[in-house]
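Engineer: Structure in structure tokens, see below.
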Amino acid sequence: MKDFLKRLNETNRLKRVSKELSTDLEISSMLFANQDQAYLFEKVKESSLAVAGNLYSTPHTIKIGLGISTSEELAAFTSRSIDSPSPNKGHLSRFDKSSWDYSVDADLEKLPILKHYDREAGHYMTAGIVAAKFPGTDLENLSFHRMLVLSKNKLATRIVPRHLDQIAKDMKGHKVPVSIIIGPPPAVFLSASLQVQYGLSEYKIANKMMNEKLELESSEETDIAVPLDSEIILEGQLDYNELAKEGPFVDLTGTYDDVREQPVITLTRMHYRKDSVYQAVLAGSREHALFMGLPQELKIREALSKSIPKVRGINLTPSSNGYFHCVLSIEKGNDGDGKTAILNCFAASHPLKLVIVVDGDVDPFNLSEVEWALATRFQADRGIVQINGARGSSLDPSSAKSAVTAKLGLDATLPLKGDKAKFERARITVSSTAGAMIGRSSGSS
Ligand SMILES: Cc1cc2nc3c(=O)[nH]c(=O)nc-3n(C[C@H](O)[C@H](O)[C@H](O)COP(=O)(O)O)c2cc1C
């Protein structure tokens, strides 16, 4: 992550705060107030380590992190890396104590772990990636999990049933050895947020993104691989037989998630350097929405690529946290394509509650244009798709307990045949004189 921080700093994208701030709501209030701004808090009251936040809060900064061209679409780049991951996960070396200034017994009090929102249960690690490996096999997994600090070496971990849960269940009650990665290279950060097939190592995707330059080392106590260029590594064991209350915690929607009994990780060892930077992700922020939304966008793209002739744009809207509402702009090949697109979106991405489909001449990222299309091209008696009682997201407070939701699709596309002229947005050709006065080139409209 150091290299990424350096690049952000050199391009004036990193705001360095030298005034001393507390981990208790002070740092999070700054991250909340200015969500597009990457921050480095150099002086932290409770710790000798600095805190970084909002690092990847725009697609542009993620691209800087990945070192890819700004014209390349992030989703397309990510899809390519998933479709053809590197055959190996990177260059793996053995644990080398000398690469760390501190290789010590775990003590979370040394780390500047933030309390983010007023009514949260306590200090939460929010950018920790759990690396787990099924002992004696090559099966390894990376996934993000928020972790509530319970004591110097214990964390309550929120685990939605996905791959880490699968590993824990397959181990039939045995403790799961884990390493927690804080501040990895950007490609590992992005790869860990993806939802790929069980068994495909996220390191192979990251290694592909990094042109085979990913450097890994084994953990000190296990053979779990962790990136060499990480800021902090914690080691321990996840125990499904030891549960603790987890929450309240503010999640993606900016509302307090339910309090649940969740498994505990007991930490053993901790590795960091004098200049290590603790990374935080503010839940409910733009950064959080980007990393939660991208995996959904990839699933939607994949489904539409098989069912719709041409998709001009997909906007998982920022106000729905990049997760619940989607606007699609499509070129239809069949009169039913608007509805087909809606059904495919809902089938591909379970959190979606609202899908609006517009024609290719409407910009899905311009929500006032989308509303114009609804006003002029949509009729409720023929354009609505409603599906009741479908799978939703536990993050939605209106369906939290059951995660069952109703879904609404609005098809605002025009029929293929018929008089298109009366639906066209009227244009005014700009003369050179008027163009100079309104800042447009002549001939444009
Ligand atoms: C910042 C961030 C925080 C997340 N927090 C959690 C969490 O607390 N619990 C959880 O189960 N998933 C959480 N997720 C989602 C998963 O980590 C993510 O979907 C991951 O890809 C799942 O990996 P898997 O498909 O290998 O299981 C979070 C994702 C992000 C980006």
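Computed from the coordinates by the stated procedures, all read-outs in this text should not be read as laboratory data. Bear in mind the structure is a predicted one, so any value in this text is a computation, not a measurement. Counting neighbours? That spans all protein chains shown, and the Cβs are built from the backbone with ideal geometry, glycine included.
Engineer: Looking only at Cα atoms, what is the convex hull volume of region 206-276 per residue, in Å³? Write down the numbers at each step before the final one.
Structural biologist: Values: hull volume 11.9 nm³, N = 71.
In region 206-276, the Cα hull volume divided by residue count equals 167 Å³.
Engineer: Follow-up question, since we're still on this one. Sort out for me the Cα centre separation of region 376-397 from region 13-64, rounded to whole Å.
Structural biologist: Taking the Cα centre of region 13-64 as reference, the centre of region 376-397 is 38 Å away.
Engineer: Order of 314, 300 from fewest to most other C-beta atoms within 10 Å? Could you put the intermediate results ahead of the total?
Structural biologist: Details: 314 20, 300 26.
In order of increasing Cβ crowding within 10 Å: 314, 300.
Engineer: Give me D for region 117-240 in µm² s⁻¹, whole number, from Stokes-Einstein with Rh from the Kirkwood sum over alpha-carbon pairs, 4 °C and 1.567 mPa s.
Structural biologist: On the way: Rh = 14.9 Å.
In µm²/s, the coefficient rounds to 87.
Engineer: Still on this structure: Please report Rg over Rh for region 297-445, where both radii come from the alpha carbon positions and Rh follows the Kirkwood definition. Don't skip to the end; give the middle numbers.
Structural biologist: Values: Rg = 17.6 Å, Rh = 16.6 Å.
Ratio value, two decimals: 1.06.
Engineer: Any idea what the alpha-carbon Rg over 2.2 N^0.38 Å comes to for the chain?
Structural biologist: Numbers: Rg = 23.6 Å, N = 445, 2.2 N^0.38 = 22.3 Å.
Taking the Cα Rg and dividing by 2.2 N^0.38 Å, one obtains 1.06.
Engineer: Turning to a different aspect of this structure: Using the number of other C-beta atoms within 10 angstrom as an exposure proxy, rank 120, 72 with the fewest first.
Structural biologist: Values: 120 20, 72 12.
The fewest-first ordering by Cβ neighbours comes to 72, 120.
Engineer: Show me the three semi-axes of the equivalent ellipsoid for region 1-57, from the C-alpha gyration tensor (sqrt of 5 times each eigenvalue), largest first, rounded to whole Å. Before the final figure, lay out the partial values.
Structural biologist: On the way: eigenvalues 67, 36, 14 Å².
For region 1-57, the semi-axes come out at 18, 13, 9 Å.
Engineer: Going by how many other beta carbons lie within 10 Å of each one, how would you line up 442, 307, 201, 191, fewest first?
Structural biologist: On the way: 442 12, 307 16, 201 23, 191 28.
The order, fewest Cβ neighbours first, is 442, 307, 201, 191.
Engineer: About its Cα centre, what dipole magnitude does region 74-274 give when the only charges are +1 on Lys and Arg Cβ and -1 on Asp and Glu Cβ, stated in debye to the nearest 20?
Structural biologist: That gives region 74-274 a dipole magnitude of about 120 debye.
Engineer: I'd like the orientation of helix 367-377 relative to the chain: the angle between its Cα long axis and the longest Cα principal axis, in ° from 0 to 90, rounded to 10.
Structural biologist: 40 degrees
Engineer: Please give the Cα centre distance for region 242-298 versus region 96-140, rounded to the nearest Å.
Structural biologist: Their Cα centres are 11 Å away from one another.
Engineer: For region 119-153, run through the trypsin sites (Lys or Arg not before Pro) and keep only the ones in DSSP coil with at most 10 other Cβ atoms within 10 Å of their Cβ.
Structural biologist: Working: sites: 119, 133, 146, 152; in loops: 119, 146, 152.
Listed in order of number, the matching sites are 119.
Engineer: Also: For region 186-310, build the charge dipole from Cβ charges (+1 Lys, Arg; -1 Asp, Glu) around the Cα centre, then report which of 271, 194, 222 sits farthest towards its positive end.
Structural biologist: 194
Engineer: Would you work out which of 387, 112, 405 lies farthest towards the positive end of the dipole of the chain, given +1 charges on the beta-carbon of Lys and Arg and -1 on that of Asp and Glu, about the Cα centre?
Structural biologist: Comparing the listed Cα positions along the dipole, 387 ranks first.
Engineer: Give, rounded to the nearest 20 debye, the magnitude of the charge dipole that the chain has about its Cα centre when Lys and Arg contribute +1 at Cβ and Asp and Glu contribute -1 at Cβ.
Structural biologist: On the way: 54 positive and 56 negative charges, 174 e Å.
It comes to approximately 840 debye.
Engineer: Tell me the volume per residue, in Å³, of the convex hull enclosing the alpha carbons of region 174-327.
Structural biologist: That works out to 165 Å³ per residue.
Engineer: Summing -39500 (n - 2.57) over the DSSP H runs of n ≥ 4 in the chain and dividing by its residue number, what mean residue ellipticity at 222 nm do you reach, to the nearest 500 deg cm²/dmol? Walk me through the numbers before you get to the answer.
Structural biologist: Values: 12 runs with 113 residues, N = 445.
Per the formula, -7500 deg cm²/dmol.
Engineer: Follow-up. Kindly flag which residue pairs out of 19/213; 2/43; 133/204 have an alpha-carbon separation exceeding 25 Å in this structure. Kindly include the intermediate steps, with their values, before the conclusion.
Structural biologist: Working: 19/213 36 Å; 2/43 17 Å; 133/204 14 Å.
Pairs exceeding 25 Å: 19/213.
Engineer: Mind checking which lysines have their C-alpha under 24 Å from residue 407, skipping anything on the same chain fewer than 8 residues away?
Structural biologist: 299, 306, 310, 332, 339, 353
Engineer: Quick check on region 1-155: what are the equivalent-ellipsoid semi-axes from the Cα gyration tensor, as sqrt(5λ), descending, whole Å? Don't skip to the answer; put the middle values down first.
Structural biologist: Working: eigenvalues 152, 117, 53 Å².
With the √(5λ) rule applied to region 1-155, the semi-axes are 28, 24, 16 Å.
Engineer: Quick check on my link table: of 115/169; 97/154; 169/274, which ones sit more than 26 Å apart, alpha carbon to alpha carbon?
Structural biologist: Cα-Cα > 26 Å for 115/169; 169/274; rest within.
Engineer: Find out how many positive minus negative residues lie around residue 22, taking Lys and Arg as positive, Asp and Glu as negative, among other residues whose Cβ is under 10 Å from that of residue 22. List each step's numbers first, then the result.
Structural biologist: Numbers: positive: 45, 115; negative: 20, 24, 26, 46.
Surrounding charge for residue 22 is -2.
Engineer: For region 397-445, take every pair of Cα atoms, bin their distances at 5 Å starting from 0, and report each bin as a whole percent.
Structural biologist: The percentages, shortest bin first, are 5, 15, 11, 7, 8, 10, 9, 10, 8, 8, 7, 2, 0.
Engineer: Work out the length of the dipole vector of region 287-414 about its Cα centre, built from +1 on the beta-carbon of each Lys and Arg and -1 on the beta-carbon of each Asp and Glu, and round it to the nearest 20 debye. All intermediate terms of the calculation are to be shown ahead of the outcome.
Structural biologist: Details: 13 positive and 14 negative charges, 101 e Å.
In debye, rounded to 20, region 287-414 gives about 480.
Engineer: Picking from 157, 65, 77, whose Cα lies most toward the positive end of the charge dipole for the chain (charges on Cβ: Lys, Arg +1; Asp, Glu -1)?
Structural biologist: Going by the charge dipole, the pick is 77.
Engineer: Note the angle between two axes, namely the Cα long axis of helix 337-348 and the longest principal axis of the Cα atoms of the chain, as a number of degrees from 0 to 90, rounded to the nearest 10.
Structural biologist: 10 degrees
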